[in-house]
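Novice: If you scroll down you'll find the structure; I have some questions about it.
Any read-out appearing in this document is the output of simple, stated calculations on the displayed coordinates, not a laboratory observation. All of these numbers come straight from a predicted model, not from anything done at the bench. Virtual Cβ from ideal backbone geometry, glycine too; neighbours counted across all protein chains shown.
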Amino acid sequence: MSTNSAAQAQVAAQKSARRLPPELSIFLVLVGIALAYEILGWIFVGQSFLMNPQRLTIIILQVSVIGIISVGVTQVIITGGIDLSSGSVVGMTAMFSASLAQASTWPRALYPSLTDMPFIVPVAIGVGIGLLAGFVNGQLIARTKIPPFIATLGMMVSARGVSKWYTKGQPVSGLSDQFNFIGSGVWPVVIFLVVAVIFHIALRYTRYGKFTYAIGANVQAARVSGINVETHLIKVYAIAGALAGLAGVVTAARAQTAQAGMGVMYELDAIAAAVIGGTSLAGGVGRITGTVIGTVILGVMTSGFTFLRVDAYYQEIVKGMIIVAAVVIDVYRQKKRKT
């Protein structure tokens, strides 16, 4: 190796050593945002933003549903795809699971000893319907080769229509205590964290994860290396649909009711959380840990705006700007990685 080559290799190694881990960089952004709200809170409101345990608990509870969705969306984006249907799938599965969680749906004549349908039944149905929606997305994308944007956009519209048709647009209430327990206390957060841990391990340490990253990095190379790309894409979209279904169940349980309009814009928040967390829209790059931090960032921002008494429409404007900024940063990272 020449002297110049050795020097270049040494400089590259030093730059790599100085580079912060992606999750640490994102976490520092979270800390910076929280501190900014703390300072602004004392200036404009006269109160502390961080020294309020109740507010912090509410933030974590509010982002748990988006977090569950974003774990599935992250895997889709890593493959180079996109899922616009998750918010509508949340509304659809919330309606179906809630209707089955009503005490009146349980056949007491056959099972007089049980007053309510076991909560596992509506939960399984909700997750199963989400899984089916994701499976259809995957089939359309893998078998017909239509762009993921179009396939999931069609599912977004169809799922919202199904949720309105199922109960003729009427809300579903009177849910069993067992079912409502899923959304009470810290259970939504526990479910979110368990889901995040499971798929962090799956993406990082299993063949499923290796295939997912390989397809996103170079689909042709993945196919040549023996990966059944079509089958794996169906799996990824089905998992994303199942997680959206689980999020729908948790949403209905938290609200103790279900409405056809539930989950509106959730898909965009989930995509934003993934991108803010370092997942590249170009595919092949992303981690669940980063997505978890990105989800918390969105929650802190929303709560901070409310804390500072910023009008809701300004919040949407700023959120949109942040999403665009995250994508611009992602494009910059991709160019820098290639050079």
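Novice: Using just the helices of the chain, give the 222 nm mean residue ellipticity in deg cm²/dmol: DSSP H runs with n ≥ 4 each add -39,500 (n - 2.57), and the total is spread over all residues, rounded to 500.
Specialist: Helix-only estimate at 222 nm: -24500 deg cm²/dmol.
Novice: Let me ask something else. Considering the dipole of the chain built from charges on the beta carbon (Lys and Arg +1, Asp and Glu -1) around the Cα centre, which of ILE78, GLN102, ASN52 is farthest to its positive end?
Specialist: ILE78
Novice: Which angle between 0 and 90 degrees, to the nearest 10, do you get for helix 53-78 versus the longest principal axis of the chain when only C-alpha atoms count?
Specialist: Result, in degrees: 70.
Novice: If the only charges are +1 at each Lys and Arg Cβ and -1 at each Asp and Glu Cβ, what is the size of the charge dipole of the chain around the Cα centre, to the nearest 20 debye?
Specialist: Numbers: 24 positive and 11 negative charges, 216 e Å.
In debye, rounded to 20, the chain gives about 1040.
Novice: Mind running the shape call on the stretch 199-339? Use the C-alpha gyration tensor, a ≥ b ≥ c as the square roots of the eigenvalues: rounded below 1.5 for a/c, prolate if a/b tops b/c, oblate otherwise. The partial results should precede the final answer.
Specialist: Numbers: a/c = 2.60, a/b = 1.41, b/c = 1.85.
Because a/c hits 1.5 or more and a/b fails to exceed b/c, the stretch 199-339 counts as oblate.
Novice: Something else about it: Taking neighbour Cβ counts within 10 Å as the exposure measure, how do VAL190, VAL229 sort from fewest upward? Spell out each step's value before the answer.
Specialist: Details: VAL190 11, VAL229 16.
With the sparsest Cβ surroundings first, the list reads VAL190, VAL229.
Novice: Tally Lys/Arg at +1 and Asp/Glu at -1 over every other residue whose Cβ is under 13 Å from the Cβ of LEU61; what's the total? Numbers along the way, then the final one.
Specialist: Working: positive: ARG55, ARG254; negative: none.
Net local charge, LEU61 excluded: +2.
Novice: Of the chain, which part is the longest with no trypsin sites (Lys or Arg not before Pro) in a loop (DSSP not H, G, I, E, B) and with at most 10 other C-beta atoms within 10 angstrom? Let's see the in-between values first.
Specialist: Values: sites that count: ARG19, LYS145, LYS168, ARG309.
The answer is 169-308.
Novice: Eight or more residues apart or on different chains, and alpha-carbon atoms under 27 Å: count the Lys pairs in the chain matching that.
Specialist: Lysine pairs satisfying the spacing and distance rule in the chain number 12.
Novice: Another question about this same structure. Could you let me know the centre-to-centre spacing of the stretch 126-183 and the stretch 43-87, using Cα atoms, in angstrom?
Specialist: Result: 21 Å between the Cα centres.
Novice: If you don't mind, another one. Could you list the chymotrypsin sites (Phe, Trp or Tyr not before Pro) in the stretch 284-339 that lie in coil according to DSSP, counting only those with at most 11 other Cβ atoms within 10 Å of their Cβ?
Specialist: On the way: sites: PHE305, PHE307, TYR313, TYR314, TYR332; in loops: none.
In loop regions of the stretch 284-339 (DSSP not H, G, I, E or B), there are no sparsely surrounded chymotrypsin sites (Phe, Trp or Tyr not before Pro).
Novice: Between helix 312-338 and the chain, what is the angle of the helix's C-alpha long axis to the longest principal axis, kept within 0 to 90° and rounded to the nearest 10?
Specialist: Value to nearest ten degrees: 40.
Novice: Ranked highest first by the average count of other Cβ atoms within 10 Å around their residues, in what order do 117-128, 74-85 fall? List each step's numbers first, then the result.
Specialist: Working: 117-128: 19.5, 74-85: 26.9.
Sorting 117-128, 74-85 by mean packing, highest first, produces 74-85, 117-128.
Novice: While we're looking at this one, here's another question. Please give the helix 86-101 orientation as an angle from the longest Cα principal axis of the chain, in degrees from 0 to 90, rounded to the nearest 10.
Specialist: Roughly 30 degrees, rounded to the nearest 10.
Novice: While we're looking at this one, here's another question. Only four residue types carry charge here, +1 at the Cβ of Lys and Arg and -1 at the Cβ of Asp and Glu. Report the dipole size of the stretch 173-262 about the Cα centre in Debye, rounded to the nearest 20. Could you put the intermediate results ahead of the total?
Specialist: Values: 6 positive and 2 negative charges, 73 e Å.
Roughly 360 debye for the stretch 173-262.
Novice: Further question on the same structure: Given GLY216, GLY185, ALA242, which one lies farthest toward the positive end of the charge dipole of the chain, if we put +1 on the Cβ of every Lys and Arg and -1 on the Cβ of every Asp and Glu?
Specialist: GLY216
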